[in-house]
Amino acid sequence: MTGKRFYEGALAAAKRSAPAALRNREPIAEMLSQWLPKSGLVLEIASGTGEHAVYFAERFANLEWQPSDMDPSAIESIRAWRAEAKLPNLREPVAIDVANPHWPVDRADAIINSNMIHISPWIAALGLLDGAERLLGPGSPLILYGPWISAEIETAPSNLAFDSDLRSRDPRWGLRNVENFAAEAEKRGFVLADRHSMPANNLMLLFQKGTEARGF
């Protein structure tokens, strides 16, 4: 086997795919088009397979896209998708454990995170907020997507069942309360500026540093 064929085979072996990423990428991108800055660096926390990173980097060509994950196999999958896409604005993935304050990125113009908060300990949610406080400037967005529980929205039975299943697998996991998370965000200088209902009983939340809430 030639070196090139071996390299291509290794990339194919590393590349993972998540059906949910294909289903939700377009609705997420529609909201990102409203909430992301026009230019600058977007740090994606917990990029997973890398499919979102490729899709969003292609969709928002004026933005530099920095994928990350704490799972080595996810990092390899992101690299494989990146190598295939060959997008000039998609950076090499970096390893970030949000609970560790030493991130290999020292600034960003936006941070996004999808489907991590409910499958990680609460300390990871707080670590994400701490990192956003360090990296983001005034008015910059922290954008989250996933299933949440909110006092303002009736929780779907499927989400309650999902929450129960998560907690049975790991008692540190579970759907988080929007208001509790927003209270922690406020301690770090962020306000919940907007939120939007998404397909499959998910929410997108927009937090901004040092700005007023839009009201919803």
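Mind listing whichever residues of the stretch 155-193 are at negative phi and either in contact with a Lys or Arg (Cβ under 7 Å, 6 or more places away or on another chain) or of a type in the set (Asp, Glu) (or both)? I'd like the intermediate steps shown before the answer.
So the first thing to find is which residues in the stretch 155-193 are at negative phi, and the list is 155-173, 175-188, 190-193.
Matches in the stretch 155-193: Asp163, Asp165, Asp170, Trp173, Glu179, Glu184, Glu186, Phe190, Ala193.
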Q.
Cβ-Cβ distance below 8 Å, separation of 6 or more or different chains: which pairs start in the stretch 27-42 with a residue that is more than 20 Å from Asn201 (Cβ to Cβ) and end on one that is among the polar types (S, T, N, Q) and crowded, with 18+ Cβ neighbours inside 10 Å?
A. Pro37/Ser140; Leu41/Gln66; Val42/Gln66
Q) Out of the residues in the stretch 81-108 that are out of contact with any strand residue (DSSP E or B) (no Cβ under 7 Å at 6 or more places or on another chain) and surrounded by 20 or more Cβ atoms within 10 Å (Cβ to Cβ), which is nearest to Leu135 (Cα to Cα)? A) Trp103
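Residues that are modelled with pLDDT of 95 or more and not hydrophobic (A, V, I, L, M, F, W, C): does the stretch 2-18 have at least one? Don't jump to the end; show me each part of the working.
So the first thing to find is which residues in the stretch 2-18 are modelled with pLDDT of 95 or more, and the list is none.
Checking the stretch 2-18: not a single residue is modelled with pLDDT of 95 or more and not hydrophobic (A, V, I, L, M, F, W, C).
Would you be able to tell me the number of residues in the stretch 57-80 that are surrounded by fewer than 22 Cβ atoms within 10 Å (Cβ to Cβ) and more than 9 Å from Ser47 (Cβ to Cβ)?
Pass one, the stretch 57-80, residues surrounded by fewer than 22 Cβ atoms within 10 Å (Cβ to Cβ): 58-64, 70-76, 79-80.
Right, trim to more than 9 Å from Ser47 (Cβ to Cβ) and you get 58-64, 70-73, 76, 79-80.
Count: 14.
Just wondering, is there one or more residues in the stretch 156-171 that are crowded, with 16+ Cβ neighbours inside 10 Å, of a type in the set (D, E, K, R), under 24 Å from Pro27 (Cα atoms) and within 18 Å of the chain's Cα centre (by Cα)? If you could, list the steps in order and put the result at the bottom.
At the first step, the residues of the stretch 156-171 found to be crowded, with 16+ Cβ neighbours inside 10 Å are 159, 162-163, 166.
Now narrow it down to the ones that are of a type in the set (D, E, K, R): 163.
Still in the running and under 24 Å from Pro27 (Cα atoms): 163.
Then keep just the ones that are within 18 Å of the chain's Cα centre (by Cα); that gives none.
No, there is no match, as no residue in the stretch 156-171 is crowded, with 16+ Cβ neighbours inside 10 Å, of a type in the set (D, E, K, R), under 24 Å from Pro27 (Cα atoms) and within 18 Å of the chain's Cα centre (by Cα).
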(Q) Of everything in the stretch 70-127, what is among the β-branched types (Val, Ile, Thr) and closer than 21 Å to Lys209 by Cβ? Give them in sequence order. (A) Ile96, Val98, Val105, Ile111, Ile112, Ile117
Q. Name the pairs whose Cβ atoms lie under 6 Å apart, with the first residue in the stretch 120-131 and touching a residue at least 24 places away in the same chain (Cβ under 8 Å), the second crowded, with 19+ Cβ neighbours inside 10 Å and not aliphatic (A, V, I, L, M), and 6 or more positions between them or separate chains?
A. Gly131/Trp103
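Filter the stretch 174-209 down to the residues that are outside any strand (DSSP E or B) and touching a residue at least 60 places away in the same chain (Cβ under 8 Å), then identify the one that is nearest to Ala161 (Cα to Cα).
Ala200
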Q) What pairs come up if the first residue lies in the stretch 92-115 and is aromatic (Phe, Trp, Tyr), the second is assigned to a loop (DSSP other than H, G, I, E, B) and buried (at least 22 other Cβ atoms within 10 Å of the Cβ), and their beta carbons are under 9 Å apart, counting only those six or more places apart or on different chains? A) Trp103/Ile96
Q. Taking the stretch 128-171 only, how many residues are assigned to a loop (DSSP other than H, G, I, E, B), among the charged types (D, E, K, R) and either within 17 Å of Ser114 (Cβ to Cβ) or modelled with pLDDT of 95 or more (or both)?
A. 1
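Residue check: is Leu32 under 15 Å from the mean Cα position of the chain (by Cα) and at pLDDT 95 or above?
Working: under 15 Å from the mean Cα position of the chain (by Cα): yes; at pLDDT 95 or above: yes.
Taking the combined requirement at face value, the residue satisfies it.
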**Q.** Number of the exception - Ala183 against (1) buried (at least 19 other Cβ atoms within 10 Å of the Cβ); (2) under 30 Å from Leu63 (Cα atoms)
**A.** (1)
**Q.** Residue within the stretch 51-67 that is on the phi > 0 side of the Ramachandran plot and out of contact with any Asp or Glu (no Cβ under 8 Å at 6 or more places or on another chain) present
**A.** no
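The values are calculated or read from the model by the stated rules, or taken from the named source; none is laboratory data. Quantities reported herein were computed from a predicted structural model and do not represent experimental measurements. Reconstructed Cβ throughout: ideal geometry from the backbone, glycine too, with neighbour counts over all protein chains shown.
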